[in-house]
Amino acid sequence: MKITIVGAGAIGGYLGARLSAAGEDVSFIARGRNLEAIRARGFRLILEDGSELAAPEARAFERTEDAGPQDVVVLAVKAHQVADLLPGLPALLAPHTSVVTMINGVPWWYFHKLAGPYEGRQLQSVDPGGRIAAAIAPERILGGIVYPAAELVEPGLVRVVEGNRFTIGEPDGSRSERVEALSQALMKAGFKAPVARDIRAELWVKLWGNLCFNPISALTHATLEDITRFGPTRALAAAAMAEAQAVAEALGVRFRITLEQRLAGAEAVGAHKTSMLQDVEHGRALELEALVGAVAELGRIVGRPTPTVDALYALASLLARTLAAQKGRLALQPA
């Protein structure tokens, strides 16, 4: 299977390296030092047990035209980066190519093949003007949910922190030949890769925590452990989650765990910095729209109020704008 990973960071590198080591024909679209490192040595992983896995056959290209048409294109970037990829994406697409979104938050294709009154609607928060939907035919889409944690420690080298599960699914819940083939390839590479009958329900379980823990941590510089063990922020997170649950249920989603179980799961992770807090500390753009803004937009669509989510979105948006204007980063330093 010819697979191109667009986004050779922590998660993209983890996926691509294991798939390449398992015998798949894997290419990365990369730039700068990452591009040079992959071309020189392939991609390498440091696994959870400290052992190293090398994928010397993995290739890297700066231009999508050089990679050529693929069987599968995996988008392993942040949601706000997808629009920037659109000019080069057609070079990777053959008539049969699937596009797998391994992206946190609410995807631009959320309403594609969602039976009911909202089918076919567009989300302006994650796809202003419908640019992405116009450039990527919805029939190509396979949904993906990322569960592992990993970090890019140097160009071409990823350390796996924990986890090996990537849930995938068709937007309409069918068990197509293409989703089964991708699941088999992922399992052959050592991943858990269940095919979800309802990929949106899987998406909401992860989003349920991300929509509150990410902005709260960005604003307070607190870890998951801090947020969930401090009464006022635990209550704040629970309020946002309750609003989001009402929105999701109005869209037909049924949660298989309780809100308290989700909070307990986050607490069990311990002193972990969310991705949004890490972005604040490194001066990177924040994934606000896909993780928070889209939930508020969905609430407006289904007529469910989201005052807590709206407040978190407003505060984190101002923080993001201030950091961007100052070209700065913000991190707590010892006194």
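Judged by the mean number of other Cβ atoms found within 10 Å, the most tightly packed of the peptides 289-298, 233-242, 108-117 leads the ranking 289-298, 233-242, 108-117. Residues whose amide H comes within less than 5 Å of that of Val99, counting only those at least five positions distant or on another chain, are Val73, Ile141, Leu142 (H built at 1.01 Å from N in the peptide plane). Here the range 200-324 is assigned +1 on the Cβ of each Lys and Arg and -1 on the Cβ of each Asp and Glu. Its dipole about the Cα centre then comes out at about 180 debye. Legend: distances between Cα atoms for Lys206/Lys273; Lys78/Lys273; Lys206/Lys327; Lys2/Lys188; pairs beyond 22 Å are Lys206/Lys327.
Please report the antiparallel percentage of the DSSP beta bridges confined to the chain, to the nearest 5.
Counting DSSP beta bridges with both partners in the chain, the antiparallel share is about 35 percent.
Membrane-span-like helices in the chain, defined purely by DSSP H runs whose alpha carbon atoms cover 24 Å or more axially and whose average Kyte-Doolittle hydropathy reaches 0.0, are 199-220, 231-250, 307-326.
Principal axis extents of the Cα atoms in the range 200-324, from largest to smallest and rounded to whole angstrom, are 38, 30, 24.
Largest GNM mean-square fluctuation across Gly169, Gly16, Gly42, computed for the chain with C-alpha springs under 10 Å, falls on Gly42. Applying 0.36 nm per residue to the separation of Gln184 and Ala149 and subtracting their alpha-carbon distance, the gain on full extension is 10.4 nm.
Shape of the range 2-197 from the C-alpha gyration tensor: prolate (a/c of 1.5 or more and a/b above b/c, with a ≥ b ≥ c the square roots of its eigenvalues). Enclosing the Cα atoms of the chain in their convex hull gives a volume equal to 138 cubic angstrom per residue. Note on the chain: GNM, Cα springs under 10 Å; of Arg121, Arg256, Arg63, the largest mean-square fluctuation is that of Arg256.
Just to be sure I understand: of the beta bridges DSSP finds with both ends in the range 1-122, what percent are antiparallel, rounded to 5?
Given both bridge residues lie in the range 1-122, the antiparallel proportion sits at roughly 20 percent.
Dividing the convex hull volume of the alpha carbon atoms of the range 106-146 by its residue count gives 80 Å³ per residue. Taking amide H as placed 1.01 Å from N in the peptide plane, Ala60 has its amide H under 5 Å from the amide H of Phe28, each at least 5 places away in sequence or on another chain. Result for the chain in a Gaussian network model with C-alpha springs under 10 Å: among Leu318, Leu186, Leu152, the largest mean-square fluctuation is at Leu318. Fewest neighbouring Cβ atoms within 10 Å first, the residues Asp279, Asp25 line up as Asp25, Asp279.
No lab work stands behind these numbers, since they all come straight from the coordinates. Here the structure is a predicted model, which is why all the values come from computation and not from measurement. No Cβ is skipped: glycine too gets one built from the backbone with ideal geometry, and neighbour counts run over all protein chains shown.
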